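To start, the structure under review is shown below, and the notes come after it.
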Amino acid sequence: MKPVKTRQLWAVVMTAAAAVAISAQAYQGMAISKLHVNGKNLQNTSSQNVRLMGAWMQPEATWFNGQGKWYSDPTDWTSTANVAGLLNFMNGAADVMSDTSAKYGASHGWYCTFVRMNTDYVGGWTSASGLVDSTQFNAWIQNFLVPYANHLRSRGLYLVLSATGPMVVNVGGNGNNNASQGTQSRLITFWQTVANAAGVKGADNIMFELMNEPVCVESSPGNGDWGNHAAKYFQAFQSWTQPIINAIRNTGADNVIWVPCLEWEGSPYQWAQYPFSGSNIGVASHYYPAYGGVHDNTAAVTNLWNSEYQPAANNWPMIITECFWFQEPNNPGDLDAGSTAGFGNALKGCIDGAGNVSWLIGFLSDDLTDLNTSLPANCTLSSKDGAQAAFAWFYGYNGSSGPVANGTYKLINLNSGLALDATGAQTTNGTQLEQWTYHSGNNQQWTITSLGSSLYQIMGVQSGKSVDISNWGTTNGTKVQLWTYDGGSNQKYYFNATSGGYYEISPSHATGSCLDVSGVSKSPGAIVWLWQWLSGANQQWSPQAP
């Protein structure tokens, strides 16, 4: 079902106490809370549900970080001087991606909460032979991995360590047949050593992603029947994965484990059919526009999520460890080809709606321009859709003022400065909502109440009726009106923070859309309707004291 990838891919904290989301920033000196899995949620030591919203992918090999300009790949991991170039670059990138001070002409900086590091260059390992030098491997852990994780901790960042590179064996030259017996053996060796190492075992900010992008597995070891997307392969992959999980737990390490899935980590629903066993385990997956051929078809993005991702998220916490998109008019079928208006907003709606999914967007080189000419601290923000969305959304998740407190407010539009208003001070079902100059009318005041799970009810003070999306409509231009509250999903809303105390107000039945002032108008009387989220100023509202 999934396309062959068109480029080689090597492989925030927002917490929610029971019902109400609590946002937290990532910044230098922020305390790290050790995470664990409880049911379908990731939780901290205070038993608050956690979503890690905001991260980047970080390769080790110098080619991916400036094509050799900034450091040389270490040749002797026992020499801290030889490792210093790599470590300094990685630490510098982490400093940028957790620096919340204003940059790129915006009022804020980066608000990342974790980094997914790809082990594409590991001391003592070769692709041809696997582990060949234990001394170099142990030095890689103690002279690079542990110091890097410690630096990340000082920046308020978690580390998701993903096994890639020489641990993942290509069978017979076919890179798709990578969930092989040889790969399993190498992964057990790798994870037993890493998980048992001082500074890693039980570390409060280190988590393990078992493998990057398994594609195919044999239905029975050695039978040559390779495949995916069928029950016999899902069952075989469960049997293939469980010994790796067991090898980690047998060391006594209790770090959170993220278990991948087949088809370039695009079929997480397989775990709902053939579950793994053990504690402190969640599901890792990837989502690109080319997966399922969804691209900018928002309905297809949502349908793919509901069929292949949500079944796993119903049972375990999930983390998206690869995702990016940008507009490619000359190559619309490419892996990354999609826009924020289409693919990005639709996927964000799915992730926010699930409530237990953590997320990253892009490699470091996707998010910053240009690592080939500048160090991360001197790069600019990429103009690509995914990078622009990441920079804005991660601030919204982690850096803004947080959720709306229960109370009565006026809702002021960012574009016009006008207030959400029930037309003509009417109170009947079907009354159109509009924007109007604020005059302290009861028809311009709204009682906002948390319903739990990050959802809110919005009730008119004068009418006692709900802000309602007519007939559960999902198309652009659907009427936004007053209606008697009946608890429908078209009457429950997410307040997704943007910046400066403003929010996208998105109905729970259509999470890729929001309350929008028609025509980007600044005039009193312009109607408010439903429209796909485009990050427009006319789509952002500030709850203010009436």
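The values are calculated or read from the model by the stated rules, or taken from the named source; none is laboratory data. Here the structure is a predicted model, which is why all the values come from computation and not from measurement. Cβ sites come from the backbone with ideal geometry, for glycine too, and all protein chains shown count toward neighbours.
Scanning the stretch 377-426 for residues that are in a strand (DSSP E or B) and either hydrophobic (A, V, I, L, M, F, W, C) or out of contact with any helix residue (DSSP H, G or I) (no Cβ under 9 Å at 6 or more places or on another chain) (or both) yields a total of 10.
When the stretch 35-72 is limited to residues that are among the small types (Gly, Ala, Ser), in contact with a Phe, Trp or Tyr (Cβ under 9 Å, 6 or more places away or on another chain) and part of a loop (DSSP other than H, G, I, E, B), the one that is surrounded by the fewest Cβ atoms within 10 Å (Cβ to Cβ) turns out to be 39.
Is it the case that the stretch 73-85 has a residue that's in the same structural domain as residue 156 (by TED's automatic domain parsing), surrounded by fewer than 22 Cβ atoms within 10 Å (Cβ to Cβ) and modelled with pLDDT under 95? Within the stretch 73-85 (the criterion being in the same structural domain as residue 156 (by TED's automatic domain parsing), surrounded by fewer than 22 Cβ atoms within 10 Å (Cβ to Cβ) and modelled with pLDDT under 95), the answer is no, since none of the residues qualifies.
Going by the conditions given, is residue 398 surrounded by 15 or more Cβ atoms within 10 Å (Cβ to Cβ), modelled with pLDDT under 95 and within 32 Å of the chain's Cα centre (by Cα)? Yes.
Condition check for residue 25 on (1) over 19 Å from the mean Cα position of the chain (by Cα); (2) assigned to a loop (DSSP other than H, G, I, E, B); (3) modelled with pLDDT under 95: one failure, at (1).
Starting from residues that are β-branched (Val, Ile, Thr) and part of a loop (DSSP other than H, G, I, E, B), keep the ones in the stretch 118-136 and report whichever is surrounded by the fewest Cβ atoms within 10 Å (Cβ to Cβ).
The selected residue is 132.
Kindly check whether there is at least one residue in the stretch 137-156 that is in a strand (DSSP E or B) and farther than 21 Å from residue 73 by Cβ. Checked against the condition, which is being in a strand (DSSP E or B) and farther than 21 Å from residue 73 by Cβ, the stretch 137-156 yields no hits at all. Answer yes or no: is there a residue in the stretch 263-278 that is touching a strand residue (DSSP E or B) at 6+ places or on another chain (Cβ under 9 Å), under 19 Å from residue 41 (Cα atoms) and not hydrophobic (A, V, I, L, M, F, W, C). Scanning the stretch 263-278 turns up at least one residue that is touching a strand residue (DSSP E or B) at 6+ places or on another chain (Cβ under 9 Å), under 19 Å from residue 41 (Cα atoms) and not hydrophobic (A, V, I, L, M, F, W, C). The criterion of at least 2 residues that are farther than 30 Å from residue 109 by Cβ and modelled with pLDDT under 95 is met by the following strands (runs of 3 or more DSSP E) wholly inside the stretch 431-546: 446-452.
When each of 115, 96 is tested for being assigned to a helix (DSSP H, G or I), within 20 Å of the chain's Cα centre (by Cα) and aliphatic (A, V, I, L, M), the lone residue that passes is 96.
Identify all residues within the stretch 337-376 that are part of a helix (DSSP H, G or I) and within 24 Å of residue 70 (Cα to Cα); write none if there are none.
Selection gives 364, 365, 366, 367, 376.
Residue 451 meets the conditions (1) surrounded by fewer than 17 Cβ atoms within 10 Å (Cβ to Cβ); (2) within 19 Å of residue 416 (Cα to Cα); (3) of a type in the set (A, V, I, L, M) in every case but one. The failed one is (2). A single member of 419, 425 is crowded, with 18+ Cβ neighbours inside 10 Å, within 24 Å of residue 520 (Cα to Cα) and not polar (S, T, N, Q), and it is 419. Of all residues in the stretch 193-217, those that are more than 26 Å from the chain's Cα centre (by Cα), closer than 24 Å to residue 268 by Cα and part of a loop (DSSP other than H, G, I, E, B) total 0. Can you run down the residue pairs with Cβ atoms below 8 Å, 6 or more apart or on separate chains, where the first is in the stretch 149-168 and assigned by TED's automatic domain parsing to the domain that holds residue 101 and the partner is of a type in the set (D, E, K, R) and surrounded by fewer than 24 Cβ atoms within 10 Å (Cβ to Cβ)? Qualifying pairs under 8 Å: 153/204; 155/95; 164/120; 165/120; 166/186; 167/186; 168/186. Which of the residues spanning the stretch 504-540 are touching an Asp or Glu at 6+ places or on another chain (Cβ under 9 Å) and among the hydrophobic types (A, V, I, L, M, F, W, C)? Within the stretch 504-540, 514, 515, 517, 526, 527, 528, 529, 530, 531, 533, 534 qualify. All of (1) farther than 19 Å from residue 98 by Cβ; (2) surrounded by fewer than 20 Cβ atoms within 10 Å (Cβ to Cβ) hold for residue 375 with one exception: (1). Of all residues in the stretch 322-372, count the ones that are surrounded by fewer than 24 Cβ atoms within 10 Å (Cβ to Cβ) and aromatic (Phe, Trp, Tyr). Selection size over the stretch 322-372: 2. Considering (1) under 22 Å from the mean Cα position of the chain (by Cα); (2) at pLDDT 95 or above; (3) part of a loop (DSSP other than H, G, I, E, B), the lone condition that residue 106 does not fulfil carries the number (2). When you check residue 187 against the structure, is it outside any helix (DSSP H, G or I), in the same structural domain as residue 116 (by TED's automatic domain parsing) and closer than 30 Å to residue 32 by Cα, yes or no? When the stated conditions are applied, residue 187 does not pass them.
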